[in-house]
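Note sheet for the following structure.
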Amino acid sequence: MNDKSTMKPNTSDNAISDQELFEILDRKQKNLEAIFDATPVCMILLDTHKTVARANCAVKKMTGKDYSEIIGRNVCEVIGCADVQDGEYGRGLNCSLCPINRAVSDAIDTQKPVHGVELQHNFRFKYSEVALWISINIIPTLIDNELYVVFSINDITDRKQAEEKFKEMMEIKSQFISTVSHELRTPLAAMKEGVSIVLDGFAGEINEDQRKFLNIAIRNVERLGMLINDVLDFQRLESGRINLDIQENDINQLVYEIHETMSLASNKKNVDLIMETDGGIPRSDFDGHKINQVITNLLSNAIKFTPDNGRVFIRTRTDDQNIIIEVEDTGMGIPKEDLPRIFERFYRVKRPGKEIKGTGLGLAIVNKIILMHHGKVEIESEVDHGTKFRVFLPMSDNAVIAKSSTAVDNVLEDKLIKKADQ
Ligand code: ADP
């Protein structure tokens, strides 16, 4: 301790004797050794010839060797690298290609540390040959002005196997969901067809009560169909098995068509669906079918969550790099605390007393599709006032050039008009 206020004078009464000093150092040394040996990660101190100067107990445990077979030996031989043992040490067939050998050499040559490199490698121990996944760290260090490296090896095989298993399970799960969903769709279509035939009176006259119950049945068949479609869509997007079909498209034409279709639903609910498009947006490359799905999802939510006599707006415009699609409503809004989770799959805002049907997958699908286009979705909302979704869809390079040349043309035109006016 160097703090003068607490330092006591070195009088003969409290001076530390050589014996005490030796004991303190010895205790410290033993503590460090205990920690070194208790570390479950293999720790090896190497000199610049890759010879092992020290190793901890984990090395003995991993290799099944005792210290006489470890200290003073080449590290690749010690850890049981199968490449070394295929050939004669140092001239092993694959030593020059071996990633462990190369990483150690690099750390020694450059004196730069190697952190957390994960690799799978073949090892040959006393009674077995195994392919282990390991994570290695190599830290150059100076001891008494001599260069050494501390080489640590962590066996991460269990974690890697668990990750593999998890990936496999996810693949099975996604296959299961798609198979089941496909299988559900066929009988569902038959049910809908059957009920529709009865409703249309082809199977004989039906009374009002029967009509009422059949309508309930058909509405629920449709709901189930929607749910299955959403699950299938989301599953396909999540699994990355879906590719975008990027073509040159006209966003305003798309919005116009969607507006026409969705007007039926908005009229039914007495909600005004107002379209405000910027006519100067150039054609741009995107997946028209998927962007149609995005706008349709946002608009059907806006109509669904806006009470009678409300208004819903669909707008388009651009900034320097993006087409901006805005869907705004004057509906019930989303509480602040729900906003951070609104794009999560199956997340639905709890609205006690006014539960509105849905799957909680629509916004997750919207977000996924826009991310696949390298864009983003923003949201602003206020309870009882309304919600605004803003989609940024990056424009293709050609569209950006076309847009900037349109802007230049406009400025030029403005200038000419002003000049003519003078
Ligand atoms: P769904 O509409 O099928 O429930 P979504 O993923 O499309 O699922 O939406 C998730 C939740 O976000 C909805 O349950 C709803 O509570 C809320 N939400 C989405 N759009 C709006 C909106 N325009 N106004 C109010 N709430 C909305």
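Here are some notes:
- Only residues that are open to solvent by 40 Å² or more (accessible area, probe 1.4 Å) and in contact with a Phe, Trp or Tyr (Cβ under 7 Å, 6 or more places away or on another chain) were counted in segment 65-89, giving 1.
- Among the residues making up segment 243-258, a single one is in contact (Cβ under 8 Å) with a residue 60 or more places away in the chain and in a loop (DSSP other than H, G, I, E, B): Leu244.
- Scanning segment 375-390 for residues that are among the small types (Gly, Ala, Ser) and more than 8 Å from the ligand (Cβ to nearest atom) returns a single hit, Gly375.
- Across segment 196-232, the number of residues qualifying as part of a helix (DSSP H, G or I) and away from the ligand (no atom under 16 Å from the Cβ) comes to 16.
- Residue match in segment 38-56 (condition: in a helix (DSSP H, G or I), farther than 15 Å from Ile139 by Cα, modelled with pLDDT of 90 or more and open to solvent by 40 Å² or more (accessible area, probe 1.4 Å)): yes
- Test: residue in segment 278-296 that is near the ligand (Cβ under 8 Å from one of its atoms) and open to solvent by less than 40 Å² (accessible area, probe 1.4 Å): no
- Test result for Ile369, farther than 25 Å from Ile281 by Cβ and either open to solvent by less than 30 Å² (accessible area, probe 1.4 Å) or more than 9 Å from the ligand (Cβ to nearest atom) (or both): no
- The residue that is nearest to Gly360 (Cα to Cα), among those in segment 233-242 that are assigned to a loop (DSSP other than H, G, I, E, B) and out of contact with any Lys or Arg (no Cβ under 6 Å at 6 or more places or on another chain), is Ser239.
Listed here are the residues, each with its yes/no results for (1) open to solvent by 40 Å² or more (accessible area, probe 1.4 Å); (2) within 26 Å of Glu257 (Cα to Cα); (3) more than 25 Å from the chain's Cα centre (by Cα); (4) away from the ligand (no atom under 12 Å from the Cβ).
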{"site": "Leu299", "(1), (2), (3), (4)": "no, yes, yes, no"}
{"site": "Pro307", "(1), (2), (3), (4)": "yes, yes, yes, no"}
{"site": "Arg317", "(1), (2), (3), (4)": "yes, yes, yes, yes"}
{"site": "Ile324", "(1), (2), (3), (4)": "no, yes, no, yes"}
{"site": "Asp329", "(1), (2), (3), (4)": "no, yes, yes, no"}
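- Cβ-Cβ distances below 9 Å connect the following pairs, each with a first residue in segment 259-285 that is over 28 Å from Asp397 (Cα atoms) and part of a loop (DSSP other than H, G, I, E, B), a second residue that is among the β-branched types (Val, Ile, Thr) and modelled with pLDDT of 95 or more, and a separation of six or more residues or different chains: Lys269/Ile303; Lys269/Thr306; Val271/Ile303; Val271/Thr306; Val271/Val312; Val271/Thr330.
- Check on Ile139, at negative phi, more than 16 Å from the ligand (Cβ to nearest atom), part of a strand (DSSP E or B) and of a type in the set (Val, Ile, Thr): yes
- Pro340 falls short on exactly one of the conditions (1) more than 10 Å from the ligand (Cβ to nearest atom); (2) within 24 Å of the chain's Cα centre (by Cα); (3) open to solvent by less than 60 Å² (accessible area, probe 1.4 Å), and that condition is (3).
The values are calculated or read from the model by the stated rules, or taken from the named source; none is laboratory data. This structure is a prediction, so every number in the text was calculated from the model and none was measured. Here the Cβ is made from the backbone with ideal geometry for all residues, glycine too, and neighbour counts use every protein chain on show. Surface areas here come from the heavy atoms of the whole protein model, side chains and all, with no ligands, DNA or RNA. Shrake-Rupley method; radii C 1.70, N 1.55, O 1.52, S 1.80 Å.
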